[in-house]
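Attaching a single structure in structure tokens format; questions to follow.
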Amino acid sequence: MPSRTINWSTPRARDIARELVRSSGDRWTHVRSVGRAADDLAAQGLDIPEDVISAAWLHDIGYATRLADTGFHPIDGARWLAAKGAPMGIVALVAYHSGARFEAEERDLTDELTVFPQPDEEMLDLLTMLDMLDTLSTRPSRDRTSTSWPAQSGPPHACTGPALELLPPSPWTARDLGRYD
Ligand SMILES: [Fe+2]
């Protein structure tokens, strides 16, 4: 039976993310930026669901070494959250965030991904937007028209998709965004 002892409020999600990801340097910097962006939007009065804010903090916990299972962080994070009894809305957002369904296909992990329910598409798009905006703002300097990352630096968020400049301004659908971690 999943644990019922965890309080899944946003502050708790922040604490869990810090505990799991803090030691991973750039990853924690990114997670903190995405989480804070969600917090800020809510503080400014945007009607942003709490599940999205919590998922913003938790979306990359699957990178934590101790959570490694399939090696695909959306699934590994979602599995851990589900095992801990997290609300399924948060679990689903973490599982499918930022185009995970497309990369799951490439990794032959669709069956492992689709055990999780599909999240609300608008909430998923909002989470993906927050994730991608931080990726855009923190990437290393490079030829902004290039479709590849400098070999010596690599992407800040393990982006495997095409040039981020090609992203449409709206709507921020996962399919339009392509493949991202
Ligand atoms: Fe991320």
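The numbers here are math on the coordinates, done by the rules we state, and not lab data. These numbers were taken from a predicted model, which means no experiment stands behind them. Cβ: placed from backbone, ideal geometry, glycine included. Neighbour counts: every protein chain shown.
Would you mind counting up the charge near Ile53? Only other residues with Cβ under 11 Å from its Cβ, with Lys and Arg at +1 and Asp and Glu at -1.
-2
For a footprinting-style exposure proxy, rank Trp80, Trp57, Trp8 by other Cβ within 10 Å, fewest first.
Ascending number of Cβ neighbours within 10 Å: Trp8, Trp80, Trp57.
Whole-Hz ³J(HN,Hα) for each residue in the stretch 68-85, computed from phi via Karplus 6.51 cos²θ - 1.76 cosθ + 1.60 with θ = phi - 60°, x for glycine and proline: what do you get?
With coefficients 6.51, -1.76 and 1.60, one gets 4, 9, 7, x, 10, 5, x, 5, 4, x, 5, 4, 5, 4, 4, 5, 8, x Hz.
Also, quick follow-up: Modelling each spin label as a point 7 Å along the Cα-to-Cβ direction, I'd like the Asp26/Thr65 distance in nm, to one decimal.
Taking the simple label geometry, Asp26 and Thr65 are separated by 1.8 nm.
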